[in-house]
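Inspection log for the structure reproduced underneath, given as structure tokens.
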Amino acid sequence: MNVNSKINAKIKKSNHFGTLNWNGKSTGYVQLIDVPRLASVRKGDTIVTGEQSTIFPENIGIGTIENVYTDEET
């Protein structure tokens, strides 16, 4: 766990990509940010590593979505 680490990840069912990072708070949770608004994201969706990762192979399971937040300003 490193707050400076950024990992390419995607929503398994839709292949929409985002950036996985950790905000330094709870070790049990990370955040998937920069997912397009048009992506259908629901609690329980599976997150896996993306094909653009230079560290991990594609489709390694990371976890499931617990909460969905939309930034109305950006």
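The values are calculated or read from the model by the stated rules, or taken from the named source; none is laboratory data. Model, not experiment: these values are computed from the prediction. Here Cβ is always computed from backbone atoms with ideal geometry, including for glycine, and neighbour counts include all displayed protein chains. The accessibility values were calculated without ligands, DNA or RNA, using every heavy atom of the protein model including side chains. Shrake-Rupley method; radii C 1.70, N 1.55, O 1.52, S 1.80 Å.
Output the residues belonging to region 55-69 that are within 15 Å of Asn8 (Cα to Cα), free of Cβ contacts under 8 Å to residues at least 40 places away in the same chain and in a loop (DSSP other than H, G, I, E, B).
Residues satisfying the conditions are Pro57, Glu58, Ile60.
If Lys43 passes every condition in (1) within 11 Å of Thr64 (Cα to Cα); (2) surrounded by 15 or more Cβ atoms within 10 Å (Cβ to Cβ) but one, which one does it miss?
Against the list (1) within 11 Å of Thr64 (Cα to Cα); (2) surrounded by 15 or more Cβ atoms within 10 Å (Cβ to Cβ), Lys43 comes up short only on (2).
List every residue pair whose Cβ atoms sit under 6 Å apart, with the two residues 6 or more apart in sequence or on different chains, where the first one lies in region 17-34 and is free of Cβ contacts under 8 Å to residues at least 40 places away in the same chain and within 15 Å of Gln52 (Cα to Cα) and the second, anywhere, is in a loop (DSSP other than H, G, I, E, B) and among the acidic types (Asp, Glu).
Final answer for the pair search is Gly18/Asp34; Thr19/Asp34.
Output the residue which, of all residues in region 37-54 that are in a loop (DSSP other than H, G, I, E, B) and among the aliphatic types (A, V, I, L, M), is farthest from Ser5 (Cα to Cα).
My answer is Leu38.
Report the residue count in region 34-49 for those that are of a type in the set (Ser, Thr, Tyr) and farther than 13 Å from Gly18 by Cβ.
2
What about Thr19, is it surrounded by 17 or more Cβ atoms within 10 Å (Cβ to Cβ), farther than 15 Å from Val68 by Cβ and out of contact with any Ser or Thr (no Cβ under 9 Å at 6 or more places or on another chain)?
The answer is no for Thr19.
Identify the residue in region 1-12 that is under 14 Å from Gly63 (Cβ atoms) and at pLDDT below 95 and, among all such residues, is least open to solvent (accessible area, probe 1.4 Å).
Ile7
With the requirement that a residue be of a type in the set (S, T, N, Q) and loosely packed, with under 11 Cβ neighbours inside 10 Å, what does region 46-74 give you?
Thr54, Asn67, Thr70, Thr74
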